[in-house]
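Report on one structure; see the data block that follows.
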Amino acid sequence: GAPASGKSTYVKTHKQEGDLVVDLDLILQAISMEDKSHIANNLLDVAIGVRDYLYKRIEGNTVDSRSIWVIAMLPTRKEREELCNRLGAELIHTDISECMTRAKRDDERENKQLHYKIIENYFSKLEL
């Protein structure tokens, strides 16, 4: 989903103990021990490798978990459909007005105008 769409909040609300959560941002935080707003891009390739490994485990049905939650920003229909088909996932999506409202309320998003532009850019590329 889009930035500020509530992806992490939704998962935190619905996940149960022992569920697997695959989120590139969280992987980057784990391997860098940095806050999400201070992560350098030099570890992105490593984080993508970890995420892809987890995807392979999900595909191979070798994860002992009641539920698996995949958090991703995939604006193109093809990307979403491919990942959903690959992992047997159900898609959950939201609209731009909800994202703008969440970004406005989020005190961690200091540069509101920048976040609004990022959200608008995501939705300008979104294929439903």
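Below are the figures for this structure:
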read-out	value
Residue in segment 10-20 that is surrounded by the fewest Cβ atoms within 10 Å (Cβ to Cβ), counting only those that are closer than 23 Å to ASP107 by Cβ and touching a residue at least 12 places away in the same chain (Cβ under 8 Å)	TYR10
Identity of the residue in segment 71-101, open to solvent by 90 Å² or more (accessible area, probe 1.4 Å) and assigned to a helix (DSSP H, G or I), that ends up nearest to SER5 (Cα to Cα)	ARG77
Looking only at segment 27-42, and only at residues there that are open to solvent by 50 Å² or more (accessible area, probe 1.4 Å) and touching a residue at least 12 places away in the same chain (Cβ under 8 Å), the one that is farthest from PRO3 (Cα to Cα)	ILE31
Flag if TYR53 is closer than 28 Å to ASP35 by Cα, part of a helix (DSSP H, G or I) and modelled with pLDDT of 95 or more	yes
Filter pass, VAL46 being open to solvent by less than 70 Å² (accessible area, probe 1.4 Å) and either in contact with a Ser or Thr (Cβ under 6 Å, 6 or more places away or on another chain) or modelled with pLDDT of 95 or more (or both)	no
Qualifying residue in segment 110-119 (condition: open to solvent by 50 Å² or more (accessible area, probe 1.4 Å), in contact (Cβ under 8 Å) with a residue 24 or more places away in the chain and more than 30 Å from THR62 (Cβ to Cβ))	yes
Any hit, segment 70-83, residues being more than 17 Å from the chain's Cα centre (by Cα) and modelled with pLDDT of 90 or more	no
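The values are calculated or read from the model by the stated rules, or taken from the named source; none is laboratory data. Not measured: the values here are computed from a predicted model. As a convention, Cβ positions derive from the backbone with ideal geometry for all residues, glycine included, and neighbour counts pool all protein chains shown. For accessibility, only protein heavy atoms count, side chains too; no ligands or nucleic acids. Shrake-Rupley method; radii C 1.70, N 1.55, O 1.52, S 1.80 Å.
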